[in-house]
Amino acid sequence: MSSKKYILEMFPYPSGNIHMGHVRNYVIGDICARYHKLKGDQVIHPMGWDAFGLPAENAAIQFKTHPQDWTLTNIENMKSQLQRLNLDLDWDRELATCDENYYRFQQELFIDLYNAGLAYKKDAIVNWDPIDQTVLANEQVIDGKGWRTGAPVEKKNLSQWFFKITDYAEELLNDLDKLELWPEKVKTMQKNWIGKSIGAEIKFKISGKDKLLNIYTTRPDTIYGATFIAVSVNHQIVSEVLDKGSIEKIRKDFETVNEEKEKLGVNLNLSCKHPILDKEIPIYVANFVLDNYGEGAIFGCPAHDERDYEFAKKYSLPIIKVIECKDEELPYVGDGRLINSPLLDGLNKAEAINEIIEYFSKSGTGNKKINYKIRDWGISRQRYWGCPIPVVYYEDGSYRVLDKSELPVLLPYDVSLEGKGNALLNNENWRKIKCPKTNKTAFRETDTLDTFVDSSWYYIRFLNNKLDKPFDREQVNKFLPVDKYIGGIEHAILHLLYSRFFMKALRDIYDFSVDEPFKQLFTQGMITHKTYKTSKNEWVMPIEVVSVDGKLLKRKTGEIIEEGPSEKMSKSKKNVVEPDEILENYGIDATRIFMISDSPPDRELEWTDEGIQSSKNLINRIQRYFSENKGEVNLEVEKQIEKFVYNVEKNILSFSLNKCVADIYTLFNYLEKKDIYLNNNKLSKKILACLYPIVPKLSLQLVEELFNLNNFNDWPEINKNLLIEDKIKLPIQIQGKLITTIDTEKGYSEQEILNSVYQLDKIRNKMLDKKVVKVINVQDKIINIILN
RNA sequence: GCGCCAGUGGCGGAAUGGUAGACGCGCUGGUCUUAGGAACCAGUGGGCAACCGUGGGGGUUCGAGUCCCUCCUGGCGCACCA
């Protein structure tokens, strides 16, 4: 049955050269695509370029060129490298995100999102990467450092554009369950990132003021144990009580805590009324309260929260037990029976939570609340080489999002990248315009879009890259989702979450029937290689290392080389091999074989000289095999070949490509052992068709030589009857331990087998003076004899 | 700290609860030769053996690498998320 199959590998950033990681990624996808084509499926298998981004700007400054020139040259070069890999790609679908023909439609999408209320601008404290000189989204900050530069991010207050991904938090979370063909790991990561929690919002009345302070908690059951309130330094109440100078000082103090997680707080000399009890509890500013989660304020229950406990100890605040536990167990955070809580005494945690939320709702002091960790996606980037945001600003500070008729807003080519800051900001010619609508002087938005916006919808544009609108609804409904999406796991949250959001947002705007962009996600492992160093701690490329009398030496200088552990191939450690050189030396088919042979595709693959060489040997061996013609085909041979077809197919479909290589070895081992050399037999055509997705060049060459064909048309149809194995080796166990095996046929009679088994010496020796208690016969599988 | 995943020969790795180690690399011995980045043949978990073997210890089962509990080790992710 033929169907559409959209097979996609994550498109590359055009850095200049492909690396082995790309090769592995694209070979995996190529094998799938070729297989599905043979199956008669309508295969979509495009390739393009994630072409906007900072490296182009950095390179432009370094090499005195222009980001566009640099990028286009790189694309040209990388494209020719990819073409040398002979991948079966739809090059007519090619696109580059820096192409006006791509990003102009992205500007349309921005306008659509804006009109749908999903894009907005606000002042926000944002992550500033001091090296890249731009803002980063929350997802792009890892351990407090920029995801690309590794520089500690700074906090800045800037007016920024955001996409309202939080509107879709619930759906993004729930739909993870529908993604059966995604790795659990990625789904867990996204789930954690979205960070849903169910709790309560409680309103505390501030004493002496006609004001309420809202807090968020997942433990409203511990309300009777509340002995203080803590707010983040950015909380509004702080600015009402303290002057700017004091706040700055607190901020500084918080930033310079001695050890991580050390608790620090300042009493605001302000108190709240406990919502149930007739008592006052103090309000603190505390360093451990996050300002961008919940309400930026919490109530502290030291007896049942580790952080509150630490804080209370430090500042001598009362600790009131409200859940039954021993004193030495404090802080006790587990479940238990409520005590010291008149309304809740005797209940367990879940019961108490329900009860108290109901009470708060009735008294108007609080309510149930669902909270998410995920924040809206900050998309403004203070960089030149990106998609311009279609917005203009007027001198009075107001702004207007452009109409689609005013698009495209083209990036100016003529810019100076030498100065600090955004080149667009410095380009007055481009920036300053007369607004065609109002005739007023206006200034273009000089921030550009996060490049993750570019990659959030490229898989849709691939469906028709020439269309005079972003995409065609019918085509989207017909060809999406992507059936198999293959790429690195480093995008587990960033790109994959953004794309899911985009798909859903666009679905709602354009009435698509597609909820998720990628039906199956396959994350391939990285390629590693041993590392080499001189005694001066300089990294050395593998190709420069020679082995002489068991010692490793640097080829040119003769220096002694020390071999280090295998690590991810990286330029900085120089443990890389160049695809061009490998292709030159071993050819594309051997390279493909090696990319899939030594470990499962989702695990890391260690590059070894032996590995690539034995892959080459296999290619030679196959070629040699088909140059002979002898031996007689019988039913058993046919069965072996049928099994081969079946296994290869199964293993391609499950991405167990390493097992496909094992299948190939198994088949040729068998045929050569039996001295059966098929040449232009119809069975050999069958074998070649199965080899084609894996080693297309050799297969095509052979099918041409042997059959005078220039193509493969079909995947062999499997004859199920030939898969049935009637001769079997039946294992015989005593007490569950293997004693021997018996050659027999499927459907044997248990009694007959047992009669002959009991005659065997091995069995008889075990059965001396013992009785057979029971015989377990799993028909055609195993016989287990139980003795007393 | 929390969560997830994984521990199988010298190495990479196979095994719907049913013969552990398929297949490959490496290694050992041999063959051939216009001496090769070959090719071919035989062998290769441990132990002389009975037997023992899938990180350790328990358990379920006729039967456990596989399922359950527990501990150890490694990797990844999250990390003051109230």
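The values are calculated or read from the model by the stated rules, or taken from the named source; none is laboratory data. Worth saying up front: this structure is predicted, and the values here are computed from it rather than measured. Cβ sites come from the backbone with ideal geometry, for glycine too, and all protein chains shown count toward neighbours.
Yes or no, residue by residue, for (1) exposed (fewer than 15 other Cβ atoms within 10 Å of the Cβ); (2) at pLDDT 90 or above:
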site	(1), (2)
A:PHE712	no, yes
A:ASP726	yes, no
A:LYS729	yes, no
A:ILE734	no, no
A:THR741	yes, no
A:GLU745	yes, no
A:SER756	yes, no
A:ILE763	no, no
Do you know which residues across segment A:568-592 are within 11 Å of RNA strand B (Cβ to nearest atom) and among the charged types (D, E, K, R)?
A:LYS568, A:GLU581, A:GLU584
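Being within 30 Å of A:GLU649 (Cα to Cα) and either more than 16 Å from RNA strand B (Cβ to nearest atom) or part of a strand (DSSP E or B) (or both): is that true of A:ILE728 here? Before you say what the answer is, go through the steps one by one.
Values: within 30 Å of A:GLU649 (Cα to Cα): yes; either more than 16 Å from RNA strand B (Cβ to nearest atom) or part of a strand (DSSP E or B) (or both): yes.
So A:ILE728 fits the description; yes.
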Could you tell me how many of the residues in segment A:593-609 are farther than 26 Å from A:VAL186 by Cα and near RNA strand B (Cβ under 9 Å from one of its atoms)?
2
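From A:LYS616, A:LYS650, A:LYS556, which residue is part of a loop (DSSP other than H, G, I, E, B) and charged (D, E, K, R)?
On the way: A:LYS616 fails: part of a loop (DSSP other than H, G, I, E, B); A:LYS650 fails: part of a loop (DSSP other than H, G, I, E, B).
Of A:LYS616, A:LYS650, A:LYS556, the one residue that is part of a loop (DSSP other than H, G, I, E, B) and charged (D, E, K, R) is A:LYS556.
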What are the residues in segment A:341-357 that are surrounded by 13 or more Cβ atoms within 10 Å (Cβ to Cβ) and assigned to a helix (DSSP H, G or I), if any?
A:LYS349, A:GLU351, A:ALA352, A:ILE353, A:ASN354, A:GLU355, A:ILE356, A:ILE357
Filtering segment A:203-221 down to residues that are among the polar types (S, T, N, Q) and within 10 Å of RNA strand B (Cβ to nearest atom), which residue is surrounded by the most Cβ atoms within 10 Å (Cβ to Cβ)?
A:THR217
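Would you pick out the residues in segment A:293-326 that are hydroxyl-bearing (Ser, Thr, Tyr) and assigned to a loop (DSSP other than H, G, I, E, B)? Lay out the reasoning, then the answer.
At the first step, the residues of segment A:293-326 found to be hydroxyl-bearing (Ser, Thr, Tyr) are A:293, A:309, A:315-316.
Hits for segment A:293-326 are A:TYR293, A:TYR315, A:SER316.
Per-residue answers, yes or no, for (1) more than 12 Å from RNA strand B (Cβ to nearest atom); (2) charged (D, E, K, R); (3) within 28 Å of A:THR166 (Cα to Cα); (4) touching a residue at least 40 places away in the same chain (Cβ under 8 Å):
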| residue | (1), (2), (3), (4) |
| --- | --- |
| A:ASN269 | yes, no, no, no |
| A:PRO275 | yes, no, no, yes |
| A:LYS279 | yes, yes, no, no |
| A:GLU295 | no, yes, yes, yes |
| A:PRO302 | no, no, no, yes |
| A:GLU306 | no, yes, no, no |
| A:TYR309 | no, no, no, no |
| A:TYR315 | yes, no, no, yes |
| A:PRO318 | yes, no, no, yes |
Those residues of segment A:496-519 that are within 16 Å of RNA strand B (Cβ to nearest atom) and either under 26 Å from A:ASP41 (Cβ atoms) or in contact with a Gly (Cβ under 7 Å, 6 or more places away or on another chain) (or both) come to a total of 1
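Can you confirm whether segment A:97-118 contains a residue that is β-branched (Val, Ile, Thr), away from RNA strand B (no atom under 12 Å from the Cβ) and surrounded by 15 or more Cβ atoms within 10 Å (Cβ to Cβ)? Reasoning before the result, please.
At the first step, the residues of segment A:97-118 found to be β-branched (Val, Ile, Thr) are A:97, A:111.
In the following step, the residues that additionally are away from RNA strand B (no atom under 12 Å from the Cβ) were identified as A:97, A:111.
With the extra rule that they be surrounded by 15 or more Cβ atoms within 10 Å (Cβ to Cβ), the set shrinks to A:97, A:111.
There is at least one residue in segment A:97-118 that is β-branched (Val, Ile, Thr), away from RNA strand B (no atom under 12 Å from the Cβ) and surrounded by 15 or more Cβ atoms within 10 Å (Cβ to Cβ).
Taking segment A:623-646 as the search range and keeping residues that are under 22 Å from A:ASP589 (Cβ atoms) and crowded, with 20+ Cβ neighbours inside 10 Å, which one is farthest from the chain's Cα centre (by Cα)?
We begin by selecting, within segment A:623-646, every residue under 22 Å from A:ASP589 (Cβ atoms); these are A:623-628, A:641, A:644-645.
In the following step, the residues that additionally are crowded, with 20+ Cβ neighbours inside 10 Å were identified as A:626, A:641, A:644-645.
Working: A:PHE626: 42, A:ILE641: 38, A:PHE644: 33, A:VAL645: 32 Å.
If we take residues in segment A:623-646 being under 22 Å from A:ASP589 (Cβ atoms) and crowded, with 20+ Cβ neighbours inside 10 Å, then A:PHE626 is farthest from the chain's Cα centre (by Cα).
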Test of understanding: among A:THR65, A:THR73, which residue is assigned to a helix (DSSP H, G or I) and among the β-branched types (Val, Ile, Thr)?
A:THR73
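Taking A:GLU642, is it more than 9 Å from RNA strand B (Cβ to nearest atom), over 26 Å from A:VAL546 (Cα atoms), in contact (Cβ under 8 Å) with a residue 60 or more places away in the chain and not in a loop (DSSP other than H, G, I, E, B)?
Numbers: more than 9 Å from RNA strand B (Cβ to nearest atom): yes; over 26 Å from A:VAL546 (Cα atoms): yes; in contact (Cβ under 8 Å) with a residue 60 or more places away in the chain: yes; not in a loop (DSSP other than H, G, I, E, B): yes.
It is true that A:GLU642 is more than 9 Å from RNA strand B (Cβ to nearest atom), over 26 Å from A:VAL546 (Cα atoms), in contact (Cβ under 8 Å) with a residue 60 or more places away in the chain and not in a loop (DSSP other than H, G, I, E, B).
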State which residue is surrounded by the fewest Cβ atoms within 10 Å (Cβ to Cβ) when the search covers only segment A:647-657 and only residues that are in contact with a helix residue (DSSP H, G or I) (Cβ under 6 Å, 6 or more places away or on another chain) and not aliphatic (A, V, I, L, M).
A:ASN651
Selected residue (only one of A:GLU139, A:GLU171, A:GLU180, A:GLU184 is surrounded by 19 or more Cβ atoms within 10 Å (Cβ to Cβ), charged (D, E, K, R) and out of contact with any Pro (no Cβ under 7 Å at 6 or more places or on another chain)):
A:GLU139
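Considering every residue within segment A:327-340, establish whether at least one is assigned to a strand (DSSP E or B) and farther than 30 Å from A:PHE501 by Cα. I'd like the intermediate steps shown before the answer.
Residues of segment A:327-340 assigned to a strand (DSSP E or B): A:338.
With farther than 30 Å from A:PHE501 by Cα added as a condition, the list becomes A:338.
Taking every residue of segment A:327-340 in turn, at least one turns out to be assigned to a strand (DSSP E or B) and farther than 30 Å from A:PHE501 by Cα.
Of all residues in segment A:424-449 being touching a helix residue (DSSP H, G or I) at 6+ places or on another chain (Cβ under 8 Å) and assigned to a loop (DSSP other than H, G, I, E, B), which is surrounded by the fewest Cβ atoms within 10 Å (Cβ to Cβ)?
Step by step, filter segment A:424-449, then rank; the result is A:PRO436.
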So, in segment A:198-248, of the ones that are under 17 Å from A:ALA297 (Cα atoms), modelled with pLDDT under 90 and polar (S, T, N, Q), which residue ends up farthest from the chain's Cα centre (by Cα)?
A:SER207
Checked pairs for segment A:684-705, first farther than 23 Å from A:GLN83 by Cβ, second part of a helix (DSSP H, G or I) and not hydrophobic (A, V, I, L, M, F, W, C), C-beta under 7 Å and 6 or more apart or across chains, list as A:LEU688/A:SER699
Checklist (1) within 16 Å of RNA strand B (Cβ to nearest atom); (2) outside any strand (DSSP E or B); (3) touching a Lys or Arg at 6+ places or on another chain (Cβ under 9 Å); (4) not charged (D, E, K, R) applied to A:LEU290, failing item
(3)
